[in-house]
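Asker: Below is one structure. I have some questions about it.
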Amino acid sequence: METENLIPLQAIITHHNVEVTFIDSLHEYGLIEITTVHETRYIFKEQIRELEKMIRWHYELDINPEGIETISHLLKRVNGLQEELVAARNRLRIYEGE
């Protein structure tokens, strides 16, 4: 597997000064995906923004991994509902002749 779209987990842990157990708990809750290549653990680059958000929630706001899981779930639901609302409004405009 190519590692160009992967970031070594150890680099993130060092850069953000976070505990390995915290990252592992996020993985256990299914909030981030960790992959192993040649005995080195990585996360995908596209997950870094979400991971950094979760790190801030945990270390700055003292939210535990269970709370982070709940917040992430609720935010995904809100975003999904917002997308549904936009789609419904667009369909309604078609019928109203705007």
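The values are calculated or read from the model by the stated rules, or taken from the named source; none is laboratory data. Since we're looking at a predicted model, the values are computed, not measured. In this analysis, Cβ positions are derived from the backbone assuming ideal geometry, glycine residues included, and neighbour counts consider all displayed protein chains. Keep in mind that these areas ignore ligands, DNA and RNA; they rest on the heavy atoms of the full protein, side chains included. Shrake-Rupley method; radii C 1.70, N 1.55, O 1.52, S 1.80 Å.
Asker: Which residues, taken from the range 58-78, are open to solvent by 80 Å² or more (accessible area, probe 1.4 Å), part of a helix (DSSP H, G or I) and free of Cβ contacts under 8 Å to residues at least 40 places away in the same chain?
Answerer: Residues satisfying the conditions are E60, L61, E66, H73, L74, K76, R77.
Asker: If you don't mind, there's one more thing I want to ask. Quick one: in the range 3-16, which of the residues that are free of Cβ contacts under 8 Å to residues at least 12 places away in the same chain and open to solvent by 100 Å² or more (accessible area, probe 1.4 Å) is nearest to I55 (Cα to Cα)?
Answerer: Of the residues in the range 3-16, the ones free of Cβ contacts under 8 Å to residues at least 12 places away in the same chain are 4, 11, 13-15.
Cutting the leftovers down to open to solvent by 100 Å² or more (accessible area, probe 1.4 Å) gives us 4, 15.
Values: E4: 23, H15: 12 Å.
Among those residues, the one meeting the criterion is H15.
Asker: Note down all Cβ pairs under 9 Å where the first residue falls in the range 17-35 and is among the charged types (D, E, K, R), the second is surrounded by 12 or more Cβ atoms within 10 Å (Cβ to Cβ), and they're at least six residues apart or on different chains.
Answerer: From residues that are among the charged types (D, E, K, R), the pairs are E19/I13; D24/I34; E28/P65; E33/H27; E33/I43; E33/F44; E33/Q47.
Asker: Test each condition in (1) among the β-branched types (V, I, T); (2) modelled with pLDDT under 95; (3) buried (at least 17 other Cβ atoms within 10 Å of the Cβ) for I55 and report the one that comes out false.
Answerer: Every condition holds for I55 apart from (2).
Asker: When the residues of the range 17-52 are filtered to those that are in a helix (DSSP H, G or I), open to solvent by 70 Å² or more (accessible area, probe 1.4 Å) and among the charged types (D, E, K, R), which remaining residue is farthest from E2 (Cα to Cα)? Working first, answer last.
Answerer: Of the residues in the range 17-52, the ones in a helix (DSSP H, G or I) are 20-28, 45-52.
Then drop every residue that is not open to solvent by 70 Å² or more (accessible area, probe 1.4 Å), which leaves 21, 27-28, 45-46, 49-50.
From the residues that got through so far, the ones that are among the charged types (D, E, K, R) too are 28, 45-46, 49-50.
Details: E28: 24, K45: 13, E46: 15, R49: 21, E50: 22 Å.
Per the stated criteria, the residue is E28.
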